[in-house]
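Taking it in order: structure first as structure tokens, then the write-up.
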Amino acid sequence: MTHSSPEDRSPVLEIIGGHRLSGEVRISGAKNSALVLMAGSLLCSQDCRIRNVPSLADVARMGEVLSALGVKITRKDDALEIDARHLSQSKAPYELVSQLRASFFIIGPLLARLGIARIPLPGGCAIGARPVDLHVRGLQAMGADVQIEHGTVHACIPGVNRRLKGARIYLDYPSVGATETLMMAATLADGETILENAAQEPEVVDLANFCRAMGARIRGAGTNTIVISGVPSLHSVDYAVIPDRVEVGTFLVAGAITQSELSLAPVVPDHLTAVIAKLRAIGSEVVQETPSRLRIVPGTSRLGTDIETLPYPGFPTDMQAQFMALLTLSEGDSIITETVFENRMGHVAELNRMGADIRTKGNHAVIRGVPFLTGAPVVATDLRASAALVLAGLAARGTTIIQGLHHLDRGYDDLEGKLKLLGAQIRRVKGDTGAESVSSLPVMPRS
Ligand code: EPZ
């Protein structure tokens, strides 16, 4: 792990830990739904309004991708007005796609709308190689001619009417992105498409509901078999994104790790069944106060537990790092097994810098609970790792300085502002003030 150079002036988070939190958190719209709904708006030759859109770097980037394709997009508060009737470009710029993997999902709607799409390969990221073979194979099954040349996926529909054909597609893995790409492509195809072993995530269901609100014919979203009957075109829509279940999970862990009672709304409790079950196994109580409000009540004990990440409705990989931070302070041992991504343990070394006792072997991490963590300078390696370091910093003794905030800003809508409202001692400071003053602090050896 390379620590940023002393002359790195990018802002850092400074957290003084050990404070209880209290109050209510307002949950933002889901990043992983907003991004794919923006891609889905390309299917529509009229205008769309998408509401409850979080303010995130990734959303801004997806907006740039759509603009580069000739789409008019404006933001007003938490709503996006998207007008894709003048969609003209079939090629997405590498410099944008390479910074936002999710922008690759536009290949489905673009191909379905224009009959041609040229999208740079998104490439790997900190958590894994992230191939797109399932997306490509599914589009080929629907009659597209797909070639990968010079790092770009060239897809076009041969023939005069340039329309994809319905097909029966079995996904080797219930990939969220591949399910979303193929479901979008199939909405305008000629005939019926059946996606088998499809992903069942709530964001997939939200996308299906968005497309249906535009006139698409989709059945079975949320199960492992989705049936899409193609239609000639889709119409305008006004749609609100679901709440972000990963943000909810992150704040539930903030309550458990600081032993604080917190309320969260709006929430869809059913989206968090696996997360809530693990919090209860650890000893926290999670109460459904209303159909859309949850309360976390810390327990007297914090037990160890084992977690294996799986596709939905299994335990979400996007909550793995946050739970690892929590389990570092449990009265026992825990084993976390990451099965979805091959390289999602970047937070381990940084948590150990804070006095945790975590050993890894392949995709397994053995966490031996310790009585306390200590503040230290740490570096975020990816989005959810950054959240785990914030949570550890809230519980730690002393000051934690987190570098690499560009990861955090990709997926959390004003996390430190919301935490501050709950009483956290957290602030964003210019790199040199924080890092220097703390990086000279010795790292406390594990007692
Ligand atoms: C989505 O990524 C989310 N991103 C991820 O959230 C989330 O971790 C992931 O689903 C799993 O839940 C968005 O929705 C924008 P996958 P996606 O395709 O669609 C392999 C976060 O922190 N695979 O379900 O890219 C792949 O390598 C992010 O918010 C293939 O082999 O995930 C991985 O090991 C991180 N071939 C596994 O499947 C393919 O063609 C799951 O990937 C596609 C995927």
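Figures for the structure shown
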read-out: The chain - share of DSSP beta bridges that are antiparallel (%, nearest 5); value: 70
read-out: log₁₀ of I(q)/I(0) at q = 0.30 Å⁻¹ - region 10-64, Debye sum with one point per alpha carbon; value: -1.22
read-out: Surrounding net charge for THR258, when Lys and Arg each add one and Asp and Glu each subtract one, Cβ distance under 12 Å; value: +1
read-out: Solvent-accessible heavy-atom area per residue, rounded to whole Å², over region 323-421 at 1.4 Å; value: 32
read-out: Distance in nm between pseudo-label sites at ASN161 and HIS364 (7 Å out along the Cβ direction from Cα); value: 5.5
read-out: Residue-averaged [θ]222 nm for the chain, counting only DSSP H segments that reach four residues, each worth -39500 (n - 2.57); value: -9000 deg cm²/dmol
read-out: Proximal lysines to LYS361, defined as alpha-carbon separation beneath 23 angstrom and excluding residues fewer than eight positions away on the same chain; value: LYS278
read-out: Point-to-point label distance, ASP333-HIS19, nm (Cα→Cβ direction, 7 Å offset); value: 3.7
read-out: Expected-Rg normalisation [2.2 N^0.38 Å, Cα atoms] applied to region 41-176; value: 1.07
read-out: The chain: relative contact order in percent, alpha carbon pairs under 8 Å with at least 6 residues between; value: 21
read-out: Pairs beyond 23 Å (Cα-Cα), from LYS76/LYS418; LYS31/LYS430; LYS72/LYS418; LYS76/LYS420; value: LYS31/LYS430; LYS72/LYS418; LYS76/LYS420
read-out: Bins of 20 Å from zero: percent of alpha-carbon pairs in the chain; value: 26, 54, 19, 0
read-out: Accessible surface of the chain [probe 1.4 Å, protein heavy atoms]: carbon and sulfur percent; value: 52
read-out: Net charge over other residues, Cβ less than 12 angstrom from the Cβ of GLY166 (K, R count +1; D, E count -1); value: +2
read-out: Computed E for THR225/VAL429 - FRET, C-beta separation, R0 51 angstrom, nearest 0.05; value: 0.50
read-out: Computed accessible area, ARG368, all protein chains, 1.4 angstrom probe, square angstrom; value: 100
read-out: Potential lengthening between GLU64 and ALA240 on full extension [0.36 nm per residue; Cα-Cα distance subtracted]; value: 61.3 nm
read-out: Residue-level accessible surface for LYS91, protein heavy atoms, 1.4 Å, Å²; value: 90
read-out: Full-stretch length increase - LYS72, SER88 - with 0.36 nm per residue and alpha-carbon distance subtracted; value: 4.6 nm
read-out: Cα→Cβ-extended label distance, 7 Å offset, between ASP306 and GLU285, nm; value: 2.9
read-out: Heavy-atom surface of region 138-225, accessible at 1.4 Å and reported per residue (Å²); value: 40
read-out: Computed accessible area, CYS156, all protein chains, 1.4 angstrom probe, square angstrom; value: 40
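The values are calculated or read from the model by the stated rules, or taken from the named source; none is laboratory data. Computed from a predicted structure; not experimentally measured. A quick note on method: Cβ atoms are made from the backbone with ideal geometry, for glycine too, and the neighbour counts reach across all protein chains shown. Quick note on the areas: whole protein, heavy atoms, side chains included, nothing else; ligands and nucleic acids left out. Shrake-Rupley method; radii C 1.70, N 1.55, O 1.52, S 1.80 Å.
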